[in-house]
Amino acid sequence: MALREIRKEGDPVLRKKSREVTEVNDRIRELIDDLTETMRSVAGVGLAAPQVGVLRRVVVVEVEDQLYELVNPVIVETSGEQFEDEACLSCPGKQGAVHRPAYVKIEALDRNGNKVSYEGDGLLARAFCHETDHLDGILFIDKAEEIEEFEV
Ligand code: ZN
């Protein structure tokens with residue numbers, strides 16, 4: 001495993017659309033492990049492959065000690081609404097509230113290429129939405145009603 005450099009706002013890679021993974025192979029598993037290690041090194045809740053400069057549809061999310069490794073994730077069901085502050089490892093010093101569904105169901109492939117599905121609400125639902133947005137070049141600052149800036 002290795003730490004990878006987290007790309008920051010202004011880096012064009014964050015604005016590109018990531019490609020689907022066609023085969024979950026060792027390279028993808030290494031990417032998953034690096035994303036997890038990098039996310040944990042900065043106490044993050046989630047990290048998407050484009051944030052380390054890799055335009056593949058892979059994200060990791062970790063909430064309440066549960067790690068979610070998601071390849072080609074697709075949000076298949078949502079309900080309700082929440083409006084809570086978000087931040088992003090690629091946008092240091094910024095936070096702002098974003099409208100998200102209160103409940104999200106997500107389908108993906110796991111690290112072995114098996115189909116998995118997870119349901120989340122609260123922070124987990126926000127993280128699923130925030131990270132899948134990254135795969136389409138969308139940052140939370142695009143959706144936040146107001147951005148608060150602070151010193152980092
Ligand atoms: Zn982010």
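The values are calculated or read from the model by the stated rules, or taken from the named source; none is laboratory data. Remember, predicted model here, so these are calculated numbers, not experimental data. With ideal geometry, Cβ positions are generated from the backbone for all residues, glycine too; neighbour counts draw on all protein chains shown. Heavy atoms of the whole protein, side chains included, go into the accessibility calculation; ligands, DNA and RNA do not. Shrake-Rupley method; radii C 1.70, N 1.55, O 1.52, S 1.80 Å.
Observations
- Residue-normalised accessible area of the chain, given per residue in Å² at a 1.4 Å probe: 52
- Per-residue SASA remark: Tyr68, around 20 Å² accessible (1.4 Å probe; ligands, DNA and RNA not included).
- For the residues Phe83, Phe128, a 1.4 Å probe over the protein chains yields an accessible-area ranking, largest first, of Phe83, Phe128.
- Pairwise inverse Cα distances across the chain, averaged and inverted, put the Kirkwood hydrodynamic radius at 15.3 Å.
- For the chain, the list of Cys residues with no other Cys C-beta under 4.7 Å reads Cys129.
- Remark on Gly137: its backbone amide H falls under 5 Å from those of Ser18, a criterion applied only to residues 5 or more positions apart or on other chains, H modelled at 1.01 Å from N.
- Cβ-derived FRET efficiency at R0 30 Å, Glu148 paired with Glu37, nearest 0.05: 0.55
- Among Glu84, Glu64, Glu20, residue whose mean-square fluctuation peaks in a GNM of the chain (springs only between Cα atoms under 10 Å): Glu64
- Karplus (6.51, -1.76, 1.60) ³J(HN,Hα), θ = phi - 60°, over the range 31-45, in Hz, Gly and Pro reported as x: 4, 4, 5, 5, 4, 5, 5, 5, 4, 5, 5, 10, 6, x, 9
- Taking one quarter of the surface of the C-alpha convex hull of the range 67-121 gives a mean projected area of 4.5 nm².
- In this structure His134 has an accessible area near 0 Å², from a 1.4 Å probe over the protein heavy atoms.
- Heavy-atom accessible surface of the range 81-124: percent carbon and sulfur, 1.4 Å: 45
- The GluC sites (Glu not before Pro) of the range 106-152 that meet both conditions, a loop assignment by DSSP and at most 13 other Cβ atoms within 10 Å of the site Cβ, are Glu145, Glu146, Glu151.
- Here the Karplus curve 6.51 cos²θ - 1.76 cosθ + 1.60, taken at θ = phi - 60°, turns the phi angles of the range 66-81 into couplings of 9, 9, 10, 10, 10, 10, 6, x, 9, 7, 10, 7, 9, 7, x, 8 Hz, with x standing for Gly and Pro.
- Distance in nm between pseudo-label sites at Ile75 and Glu119 (7 Å out along the Cβ direction from Cα): 1.7
- Rolling a 1.4 Å probe over the protein heavy atoms leaves Leu67 with an accessible area of roughly 50 Å².
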